[in-house]
Every structure is written in structure tokens, then in C-alpha cells.
Amino acid sequence: MSTFLELGLKEPINKALTDLGYEKPTVIQEKAIPQIISSTDDLKAFAQTGTGKTAAFSLPILELLDPSQNNVQAIILSPTRELAVQIGNNIKDFCKYLKDVKVTTVYGGSSMEEQIRSLKRGSQIVVGTPGRTVDLINRRALKLGNVQWLVLDEADEMLNMGFKDELDKVLEATPETKQTLLFSATFPREVEAIARNYMTKPVEITSGEKNTGSENVSHEFYAVTERTRYPALKRIADLNPDIYAIIFCRTRRETQEVADNLIKDGYSADSLHGDLSQGQRDSVMGKFRKKTIQILVATDVAARGLDVNELSHVINHKLPDQIENYTHRSGRTGRAGNKGISIVLVNGKEKGKLRQIERIIKKKFVEGKVPTGKEIVQNQLINLIDKVKNIEVNETQINEFLPSIYEKLEGLDREELIKKFVSLEFNTMLKYYENSKDLNNLGRENSRSRATADNMTRFFINIGRKDNLNPGKLIGLINDQNIGDKIEIGAIDILDTFSFFEIDKEYEQKTLEAFSDNQPDFDGRSVNVEITKKERSGGGRRGGRKPFGKKDGGFGRRRSSEAGSSSSKRSDSGRKRSDRRSSDRPDRSERRASGGFGRKRRES
Ligand code: AMP
């Protein structure tokens with residue numbers, strides 16, 4: 001293996017890398033750095049986050065650029081603000097011993113004037129998100145006429161996020177003679193099209209096999225139903241007291257609900273998604289980086305810019321719509337030489353997707369069994385005892401208290417003492433899992449309710465029996481809205497003054513939009529349709545649970561029993577109808593949290 005100097009980098013860059021603790025180049029660095037230094041050919045690199053790709057493209061640029069010229073020589077595009085800031089900061093670290101090299105990072109949600117001022121002072125390297133970069137080009141504050149290197153980082157993500165037009169504009173603003181460096185973890189059709197249209201005979205390099213996951217990640221799946229999905233998630237967290245994980249969800253609402261439930265149930269968790277303000281997102285990410293919170297529940301896009309190397313687990317609460325995104329998710333763990341576990345919770349219908357993913361990652365999923373209460377308790381106990389064994393005793397500080405402690409414990413023999421200390425920490429956990437069920441078997445019960453919950457969205461409609469509504473009329477009313485030819489209507493509940501119906505999840509948005517656009521009336525009453533919130537989200541205290549076994553953490557949780565915890569109660573399909581009505585009503589806060597019906601917003 002070569003050194004950074006042998007790859008062709010000068011001493012000031014090498015010195016900065018030594019300061020950062022980079023001892024030797026990673027695979028992608030070893031391939032990309034000499035290639036970019038020695039050739040002006042375009043480059044297509046297959047590399048995921050965590051492979052060292054930032055240094056792979058920025059070090060050769062730093063080696064070659066001309067610090068005496070103040071114009072923009074390299075433009076680096078990245079999908080999110082967080083990633084752009086991270087890249088900008090990395091480059092500043094790399095060039096700390098290079099004189100006169102300046103870097104400006106531009107992104108939305110931050111003062112445009114400040115960024116324009118920085119550009120006016122002259123920067124050889126600009127790192128930006130596509131939207132803000134185009135804004136600055138349009139204002140003529142960013143001039144790309146002298147660009148020699150264009151880097152498209154996480155090109156697949158940029159296209160996923162709908163930045164195709166912006167990419168086209170930036171590409172058009174740069175000279176033909178530039179060298180384009182495209183880095184992507186996956187190469188779906190859209191990325192290949194960019195490569196075809198904008199690159200000339202690119203050289204291909206890869207940090208491993210194309211689209212495959214990291215060697216250090218093992219992939220597990222747990223079979224669940226909608227009833228057991230959340231309890232299974234909690235048990236996985238309970239089995240791993242030192243868990244440091246991202247739980248990925250598909251939508252913002254799902255993200256918020258899972259996070260609210262975990263917080264309410266006493267876990268050290270928080271949410272990260274596009275409905276939070278930039279300030280809130282920064283704060284959550286800061287807490288997660290510092291490990292003040294152990295579990296981050298996030299959407300794919302919001303978690304993009306998070307640079308954390310020591311994740312123990314990635315948990316897919318639901319699989320991503322685009323299967324390729326699984327590689328991105330699982331690539332968040334097993335980084336920088338660490339081992340990681342990527343867990344997928346799947347119901348019967350979702351299982352088919354696992355085979356597709358296996359083909360992409362070229363690895364097999366191993367089936368995990370949802371741990372039983374007994375296994376969790378046993379694991380926690382061993383963990384606690386290990387920690388007791390390994391705890392460092394502060395002899396000088398504790399000495400003065402020992403005589404009175406010995407006096408109080410006089411008369412207790414060794415066995416009794418051990419039992420009492422362990423029980424102090426342990427009784428709550430024992431009680432919590434007392435009479436807990438085996439979720440693996442529960443998962444195979446009641447297939448009808450599973451199919452319904454999995455695929456259908458439940459809607460509230462403000463008309464009922466008193467308005468002469470019956471199931472036939474309701475089906476007629478739904479069909480009149482022209483939602484779709486293949487629309488499937490599920491269970492219907494007609495109550496006195498309002499009703500519920502289920503529609504294929506695929507048509508969720510179209511149903512809302514159709515009723516909102518058509519504004520139908522029924523027997524003279526204007527009709528209003530909203531998604532019901534089957535599980536009312538928490539609002540409990542934030543950041544509650546201290547990690548098991550961590551200082552003043554222990555097992556002293558507030559939960560009384562697993563059966564009594566928030567979600568298992570809510571997901572109990574056997575509830576009485578009167579209970580169900582109140583918790584099924586649409587919750588206004590939910591609508592706010594999901595950005596309003598039919599409103600489309602892009603997370604960036
Ligand atoms: P990246 O894929 O660029 O996001 O890098 C992932 C992580 O690996 C970052 O925390 C980098 O600081 C770190 N890193 C990159 N290259 C090296 C290297 N050659 N040696 C040690 N750490 C590195």
C-alpha cells in the first residue's frame with residue numbers, strides 16, 4: 001500500500017493529513033488521487049459514504065489548483081447542506097498548510113449576502129448544494145467560466161432529490177474543457193444518463209464492488225406484522241443497551257411517530273426530518289454526534305449529511321421505496337473499519353424486497369428472531385454485571401464514605417448483598433417483561449388484520465348514518481371522485497355522524513387531493529376527508545431514558561409492563577369500538593407535522 005506522498009501529493013497536504021490521523025490512503029483514495037493528478041480524463045467513481053471519497057476527489061484538486069489565481073477553479077456539488085458543510089470543512093482541514101487557498105461553501109437556509117461576500121473575496125474552491133449554486137449563478141455572484149474540475153458528489157442522491165434541472169444548469173455554466181468527477185454509491189439509469197450526456201469517455205474506478213455494501217456490515221431481517229413492528233423495535237433496542245443507531249423511516253410522519261413513541265417509552269431518542277427547521281435539525285444532529293441521544297429516527301434525506309462513524313446499528317423500520325437506497329442506509333454503519341449491523345423489519349408482503357436487495361448488495365440476509373423478554377433480561381443482567389466488574393473505583397474519594405456504608409450493610413453476607421444490588425437495578429426490567437409474549441409467534445397470528453394494516457390507509461369522513469350514508473353510498477361517493485381505475489377500498493365503518501374507510505395506501509395522496517379539489521357534498525353536507533391517526537403520537541418528555549447501564553441510567557424506567565406501554569396498547573386491534581373512535585379521529589397536530597395535505601416539499 002502506498003503513502004499519500006507516493007500517490008503524488010505534496011508535503012504540506014501530507015502534513016495536514018497526518019494531523020488528522022490519516023495514516024494511509026483508503027482504497028478509493030489510492031485509485032482516484034493518482035488518476036486525477038495524472039490525467040484530465042473524466043472520472044466515474046463507485047464509492048459510498050465512509051470510504052474516504054471526500055479526500056479522494058479534493059486532495060488531487062488541492063494538489064493541482066493555482067493558489068495565485070483567485071477565480072473559481074473547482075465546483076463541488078453535494079445533495080444536502082449538511083454534506084456540503086462537511087465537505088467544505090474537510091477541505092479547509094486538508095489545506096491548512098497551503099498558502100492562499102480559499103474555500104467557500106454555499107447552501108440554502110443561510111444568508112445569501114454572507115456567501116456572496118465570501119465569493120467576492122475570491123475562492124478557488126466552491127462547495128454547494130444545487131439549488132443555492134444555481135441561485136448564485138443566476139445572480140452572477142458565482143462565475144464558473146474558469147472551472148477546471150466539477151465534482152458531483154452523491155450524484156444518485158442529487159437526482160433522487162429532484163435536482164436534475166439544477167445539475168443541468170450548473171453543467172451548462174462550466175466550460176467544456178473541465179474535468180468532471182462523478183461520485184456515486186449506486187448507478188441507476190438517471191446517473192448513467194448524466195454520465196453519458198455530460199462526460200467524455202470517463203475512466204471508471206470503484207472502492208469495492210459496484211453498488212454493494214460494506215464488507216463490515218452484516219444484514220439481518222426480523223419478520224414482523226404491523227402489530228409487532230414497534231414492540232419488536234423496542235426489544236431490539238433493549239437487547240442492545242449500548243445501541244447507537246439510526247432508525248430509518250420512509251415518511252416524515254412515520255419518523256415523527258416512531259420517535260414520539262420511543263421518547264414516550266423512555267428511550268434516548270429523537271427525530272430528524274424535513275419538517276423540522278434547520279436550527280432544530282442542527283441541534284438534533286449535534287446531540288446525536290455527541291451521543292447525548294442514542295437513537296436517531298430519520299428520513300433518508302435528512303440523515304444524509306450526518307457524519308458519524310461509530311453507529312452500532314442501522315434499523316430499517318420500513319424499507320425504502322427505492323431499493324437502491326438500502327445501500328445508502330446500511331452504509332451508515334460499518335464505517336472507518338468498524339463492524340455494523342443493518343436490521344430490516346419486514347412483514348409478509350415486504351419480504352420479497354429482501355431478495356432484490358440481496359442481488360444488489362451481493363450478500364444474504366440472516367433471519368433474526370425477535371428477542372424474548374427472558375433473553376433481554378438475561379442480556380441486560382450480564383451487561384450490568386460486566387459493567388460492575390469493569391467500573392473503576394475512585395479509592396481516594398470513596399474512602400471517607402465507606403465506614404458508614406459498611407456499618408449499614410453489616411449482617412448481610414456476600415450472596416445477599418449481590419442479590420440486593422442487582423435487584424435494585426433489575427426489578428423494573430423484570431417486571432416490565434413479566435408475562436411478555438413471544439413476538440415471533442404473534443407475528444404469524446391473524447393474517448387478515450396484517451394485510452389490512454399493511455396496505456391500507458384509514459380515512460375519516462365527516463358524514464355518517466344520520467346523513468343517510470351506507471357502505472354502498474360511500475363506495476359510490478369515493479368512485480365519483482375519479483381517484484384511480486384500480487383503486488381498492490378496504491374496511492368501511494359507518495357511525496352516526498362520521499365514518500371511516502380504508503383505501504389502498506398507494507392512493508393516499510390522490511384520495512386527499514381528489515376530495516379536496518372536487519369538494520363534493522352529500523345530502524347537502526359538504527364532505528371533508530382526512531387521514532385518521534390510528535396511533536396518537538406521544539408528546540411525552542424528550543430524551544427520557546438514560547442508556548441502560550450508563551451512569552445513573554440503569555433499569556429504572558418508568559414503564560410498568562411491556563403490555564402497558566404506549567404502542568402495544570394502541571396497536572391492540574381488539575379494542576372496543578368506543579375507544580377506537582376517539583383515537584381514530586384526525587389529529588390536527590398530525591396534519592401540521594406532515595406538512596399539510598397534498599403539500600409537496602423538498603427536504604434539503
Ligand atoms: P468520507 O467517505 O469522505 O465521508 O469519509 C469517511 C470518514 O473517514 C471521515 O470521517 C474521514 O475523516 C475518514 N477518512 C477518510 N480518509 C481517511 C484515511 N485515509 N484514513 C483515516 N480516516 C479517513
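The values are calculated or read from the model by the stated rules, or taken from the named source; none is laboratory data. On a predicted model such as this, the values are computed, not experimentally measured, just so you know. Neighbour counts are summed over all protein chains in view; Cβ atoms, including those assigned to glycine, are modelled from backbone coordinates with ideal geometry. In case anyone asks, the SASA skips ligands and DNA or RNA and just uses the protein heavy atoms, side chains included. Shrake-Rupley method; radii C 1.70, N 1.55, O 1.52, S 1.80 Å.
Please work out how much length the chain gains when fully extended from I360 to I475, using 0.36 nm per residue of separation minus the C-alpha to C-alpha distance, in nm with one decimal.
Working it through step by step, the gained length comes to 37.2 nm.
Average projected area of the Cα convex hull of the range 374-432, in nm²?
So the Cα hull casts an average projection of 5.0 nm².
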Margin query: Using a 1.4 Å probe on the protein heavy atoms only, what accessible surface does Y433 show? Give it in Å² to the nearest 10.
Written below: 10 Å²
Check: What are the aspartates and glutamates whose alpha-carbon lies under 13 Å from the alpha-carbon of K437, with same-chain residues fewer than 8 places away excluded?
Finding: E375, E445, E562
Note to self: List the aspartates and glutamates whose Cα sits under 18 Å from the Cα of K24, skipping any in the same chain fewer than 8 residues away.
What the structure shows: E6, E11, E63, D93
Checklist line | Local electrostatic count, I205, Cβ distance below 9 Å [Lys/Arg +1, Asp/Glu -1] | finding: +1
Note to self: Give me the one-decimal nm value for the distance between modelled label points at N518 and K120, 7 Å along each residue's Cα-to-Cβ direction.
What the structure shows: 5.6 nm
Next item on the list: For K92 and L64, calculate 0.36 nm times their separation in residues minus their Cα-Cα distance, and state this gained length in nm to one decimal.
Entry: 8.5 nm
Check: Which of the peptides 151-162, 37-48, 418-429, 231-242 is most tightly packed, and how do the rest follow, going by the mean number of other Cβ atoms within 10 Å of each residue?
Finding: 151-162, 231-242, 37-48, 418-429
Notebook entry, point to check: Hey, how many Å between the Cα centroid of the range 302-337 and the Cα centroid of the range 160-232?
Noted result: 14 Å
Next item on the list: State which entries of K31/K364; K169/K201; K290/K408; K92/K178 exceed 30 angstrom in Cα-Cα distance in the structure shown.
Entry: K290/K408
Next item on the list: Using a/c under 1.5 as the rounded threshold, could you call the range 11-206 rounded, prolate or oblate? The axes a ≥ b ≥ c are square roots of the C-alpha gyration tensor eigenvalues, and prolate needs a/b larger than b/c, oblate otherwise.
Entry: rounded
Check: Between N383 and T396, what length in nm is gained on full extension when 0.36 nm per residue of separation is reduced by their alpha carbon distance?
Finding: 2.0 nm
Next item on the list: Be a star and scan the range 372-401 for residues whose amide nitrogen sits under 20 Å from the point 7 Å along the Cα-to-Cβ vector of F421.
Entry: 378-401
